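Enquirer: Just dropping this structure here.
The values are calculated or read from the model by the stated rules, or taken from the named source; none is laboratory data. Not measured: the values here are computed from a predicted model. For neighbour counting, all protein chains shown are included, and Cβ atoms are generated from backbone atoms with ideal geometry for every residue, glycine included. What goes into the accessible areas is simple: the full protein's heavy atoms, side chains included, and nothing from ligands, DNA or RNA. Shrake-Rupley method; radii C 1.70, N 1.55, O 1.52, S 1.80 Å.
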Amino acid sequence: AGLQYDGDVARAKKLLFELEKYYPGILKRSETPEFEVAGFFWWQGDKDRYNAAHSTMYGKNLGQLFKTLRKDFNAPQAKMVVATLGQTNKDNATGNEKMIIEGMFAFADANKGEAIILYTHPLSMGGASNGHYGKNAKTYMNVGLGMGKSMVELLSSDKK
């Protein structure tokens, strides 16, 4: 919530209405951009892990974010893929990181068929989120591909 959220949403909406600028030929000349927001991707939690109050509320706040994104993008059926912090091993996490990862999985359980968690610890090539995973591009590729595959699974489940 707040200035960063408002700015991010405004920039995303602007980009959606400028699709032709970034993907020439995607629209006929006279067309007004028409699109459907089918899903959201979320890979965040680093700053929250430094604050116990934020960590405690992570799952609940994630649920509120999902509702708000659906409303702000007029996408009531949109799905959500949430990626965990790569450095966090769910089997031995402690403290704030444990609360965040548990909050993520609780969010997914509460939104079955609508949201899914991508557990990224096995995909990370080392480092931590606060150090941008050692700037290892393979970590980002692994997580990006995993998030995309997870979204395809969510969207495909609607068609079954």
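Enquirer: For the range 95-110, take each phi angle, set θ = phi - 60°, evaluate the Karplus expression 6.51 cos²θ - 1.76 cosθ + 1.60, and give the result in whole Hz per residue in order, putting x for glycine and proline.
Expert: Using θ = phi - 60°, the values come out as x, 5, 5, 5, 5, 5, 5, 5, x, 4, 5, 5, 4, 5, 4, 6 Hz.
Enquirer: Express the accessible area of the chain per residue in Å², computed with a 1.4 Å probe while the remaining protein chains stay in the model. Mind dumping the intermediate values first?
Expert: Details: 10110 Å² over 160 residues.
Result: 63 Å² of accessible area for each residue.
Enquirer: Taking H placed 1.01 Å from N in the peptide plane, check which residues at least 5 places from ALA128 or on another chain put their amide H under 5 Å from its amide H.
Expert: For ALA128, the qualifying residues are TYR133, GLY134.
Enquirer: Quick one: among GLY113, GLY63, GLY95, which has the greatest mean-square fluctuation in a GNM of the chain with alpha-carbon springs under 10 angstrom?
Expert: GLY95
Enquirer: Using only Cα atoms and rounding to the nearest 10 degrees, what angle (0 to 90) does helix 137-157 make with the longest principal axis of the chain?
Expert: Relative to the chain, helix 137-157 is tipped by roughly 70 degrees.
Enquirer: Return the FRET efficiency for the residue pair GLU20, GLU102: r is the Cβ-Cβ distance, R0 is 30 Å, and the value is rounded to the nearest 0.05. Kindly include the intermediate steps, with their values, before the conclusion.
Expert: Values: r = 43 Å, r/R0 = 1.44.
The computed FRET efficiency comes out at 0.10.
Enquirer: Given just the C-alpha atoms of the range 101-160, how large is their convex hull per residue in cubic angstrom? Mind dumping the intermediate values first?
Expert: Working: hull volume 4.8 nm³, N = 60.
Taking the convex hull of the Cα positions in the range 101-160, it is 79 Å³ per residue.
Enquirer: Over the range 11-86, what portion of Cα pair distances is larger than 15 Å, expressed as a whole percent?
Expert: Numbers: 1866 of 2850 pairs.
The proportion of pairs with Cα distances above 15 Å equals 65 percent.
Enquirer: Next question. Sort GLU34, GLU114 by heavy-atom solvent-accessible area, probe 1.4 angstrom, most to least. Each step should come with its number before you reach the end.
Expert: Working: GLU34 160, GLU114 50 Å².
The ranking, largest first, comes out as GLU34, GLU114.
Enquirer: Let me have the 222 nm mean residue ellipticity of the chain computed from DSSP H runs of 4+ only, each contributing -39500 (n - 2.57), with the sum over all residues rounded to the nearest 500.
Expert: Working: 6 runs with 75 residues, N = 160.
That calculation yields -14500 deg cm²/dmol at 222 nm.
Enquirer: Working from the alpha-carbon coordinates of the chain, get Rg over Rh, Rh being the Kirkwood radius.
Expert: Working: Rg = 17.0 Å, Rh = 17.1 Å.
Taking Rg over the Kirkwood Rh, I get 0.99.
Enquirer: In the range 1-87, how many lysine pairs have Cα atoms under 14 Å apart, counting only pairs 8 or more places apart or on different chains? Intermediate results must be reported in sequence, preceding the final value.
Expert: Details: LYS13/LYS21; LYS13/LYS71; LYS67/LYS79; LYS71/LYS79.
Close lysine pairs found across the range 1-87: 4.
Enquirer: Related question: Between ASP48, ASP91, ASP72, find the one with the highest GNM mean-square fluctuation for the chain; connect C-alpha pairs within less than 10 Å.
Expert: The residue that fluctuates most here is ASP91.
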